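Right, one structure below, let's go through it.
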Amino acid sequence: MIDLKKLKGQHILVLFVPVLLIYLVAIVPTCSDDIADDDEAVSQEVKAPEPNRYGLFLDSLTEHTSQVNKNQTISDILNPHDIPLQEIYRIAAEAKPVFDLTKIKSGQNYTLYTSKDSLKKVNYFVYEIDPVDYLVCDLTDSLNIYKGQKTVTTKIREVSGVINHSLYSTLQDEGASDLLALKLSDVFAWQIDFYGIQRGDYFKAVFEENFIDDEFIGIGKVNAALFNHRSKDYYAFRFIQDGQDEYFDEEGNSLRKAFLKAPLKFSRISSGYTNKRFHPVLKYYRPHRGIDYAAPSGTPVQTVGDGIVTDVRWTSQGGRFVKVKHNGTYSSGYMHLSRYAKGLKVGKTVRQGDVIGYVGMSGLATGPHLDFRFWKNNQLVNYLRQEFPSSHPIKSDDKSGFLTFKDSIRIELDTIQLPDSTTQIASTQTD
């Protein structure tokens, strides 16, 4: 016998299941779409943290930027932030191989990063050594000290100008950096005496400008330049040979001539360049801004480079003294000579390796030696630490590459327009 109640329930179930399936099919895509949309929204909202200008991730820290005050020490900076003096001494000791924190300079930027809680613990100390280099003292766990560099962006700029008063004023009048004047004087040091440039001389240059976060920080390399001095064109093209930057003329000859390694062929250095040396005659400490070469009396002394003799005289301490001007940047001096070379006089042109005198012990000297002095831009410098470009011409293997580069960039130079009489500088800038 058929159970009518049971049959009625099965009938209702049979009718309900298809309806339920239709409903699920209808709503599931909608739910899936909603879930997908939510996932996409989350993925868009969650971004990977980015480091700051010092390469640090600082979501949970507070930044305190300041400048080093006059006579301020590293202890003066860190001790007020509850860093014990003993810990500061340890930090300074650990940092010394990387950077000597006793030599921080007034006016330089530094930044402290502290925790956001009530303790305000210092996690990082960053000191800007210069516009590019910085020192990081990581105090978060074990002490970690290292140097870093900011990202530098280089842009190429073209500039031209006509000299009215000086190269510096020509550049400054139109807002171009006067640092370019120093760069050009280095490039053309052997061709042009920049103390003798005159009204009407003109120049064109293609060079690099360096920026950090769109802030100008200095001049980079001069890629090519033309300087017209006394109606004569002087070209300079930067080309890398043997891994070094060098400047060449249109034919591939080096613009700069190397100096001799020493003014004596056979000698030894008996005393170097120093800011504090005990003088053997005067018996007190004072700077010695030259290099002493020990050699027997009468040893020939050579000029280290081409130039013009500008001084031949007796000095109370240096004895017989000769000075040679090599160009607008470099000069050399020779002291304690026993005698001068025959025919030597002010105004005489000398060539690299010419004998200008002989070793002696005139003036204040305890024995025969040559006291050799070297000037760059009228400032005494350590000759042994100067880096002079090679005087070698373009090698045959590099000739083709140089000529291709030179031809292309000379076209760029030649198309730079000189300013008219009312404008001293015309410049364009490209990224």
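The values are calculated or read from the model by the stated rules, or taken from the named source; none is laboratory data. A quick note: this is a predicted structure, and the numbers were derived from the prediction, not measured. Here the Cβ is made from the backbone with ideal geometry for all residues, glycine too, and neighbour counts use every protein chain on show. Note: areas computed on protein heavy atoms with side chains; ligands, DNA, RNA excluded. Shrake-Rupley method; radii C 1.70, N 1.55, O 1.52, S 1.80 Å.
Computed in the context of the full set of protein chains, the accessible area of the range 50-142 at 1.4 Å probe radius has 47% of its extent on carbon or sulfur.
Label point of D245 set 7 angstrom out along Cα-Cβ; within the range 352-389, amide nitrogens under 18 Å from it belong to 386-389. The Stokes-Einstein estimate for the range 281-421, based on a Kirkwood radius over Cα pairs and taken at 10 °C with 1.306 mPa s viscosity, is a diffusion coefficient of 89 µm²/s. Amide H to amide H, with H built 1.01 Å from N, T315 comes under 5 Å of R320, F321, counting only residues 5 or more places away or on other chains.
Give the calculated FRET efficiency between K399 and S297 to the nearest 0.05, with a Förster radius of 41 Å applied to their Cβ-Cβ distance.
On the way: r = 48 Å, r/R0 = 1.17.
Approximately 0.30, to the nearest 0.05.
Across all directions, the average projected area of the convex hull around the alpha carbons of the range 172-246 is 6.1 nm².
Taking R0 as 30 Å, what's the FRET efficiency between V98 and E63 from their Cβ-Cβ distance, rounded to 0.05?
Values: r = 22 Å, r/R0 = 0.74.
So, using R0 = 30 Å, E works out to roughly 0.85.
Karplus-derived 3J(HN,Hα) values for the range 139-146, using 6.51 cos²θ - 1.76 cosθ + 1.60 with θ = phi - 60°, are 10, 5, 9, 6, 5, 9, 10, 7 Hz; glycine and proline are entered as x. For the range 307-397, the fraction of 1.4 Å probe accessible surface lying on carbon and sulfur atoms is 46 percent. Pulled fully out, how much extra length does the chain show between R410 and K121, if you take 0.36 nm times their separation in residues and subtract their Cα-Cα distance? Taking R410 through K121 to full extension adds about 98.2 nm, to one decimal.
In order along the range 409-417, phi translates into HN-Hα couplings of 7, 5, 4, 5, 4, 5, 8, 6, 7 Hz, rounded to whole numbers, per the Karplus curve 6.51 cos²θ - 1.76 cosθ + 1.60 with θ = phi - 60° and x for Gly and Pro.
Can you give the extra length, in nm with one decimal, that the chain gains between S166 and N253 once fully stretched, where that is 0.36 nm per residue apart less the Cα-Cα distance? Kindly include the intermediate steps, with their values, before the conclusion.
Details: separation 87, 0.36 × 87 = 31.32 nm, distance 2.82 nm.
Stretched fully, the S166-N253 segment lengthens by 28.5 nm.
Count the net charge of all other residues whose Cβ sits under 12 Å from the Cβ of I409, scoring Lys and Arg as +1 and Asp and Glu as -1. Display every interim value, and only then the final one.
Numbers: positive: K204, R238, K406, R410; negative: E158, E250, D407, E412, D414.
Taking every Cβ under 12 Å from that of I409, the sum is -1.
Computed 3J(HN,Hα) for the range 240-245, one whole-Hz value per residue from the Karplus formula 6.51 cos²θ - 1.76 cosθ + 1.60 where θ = phi - 60°, is 8, 10, 6, x, 10, 6, glycine and proline marked x. With the highest mean first, a sort of the peptides 97-107, 366-376, 305-315 on other beta-carbon atoms found within 10 angstrom per residue produces 366-376, 305-315, 97-107. Identify the residues of the range 95-128 with backbone N under 20 Å of a label point that sits 7 angstrom from the Cα of N71 along the Cα-to-Cβ direction, or state none. Correct set: 102-108. Rg and Dmax of the range 114-187, both derived from C-alpha coordinates alone, stand at 21.4, 63 Å.
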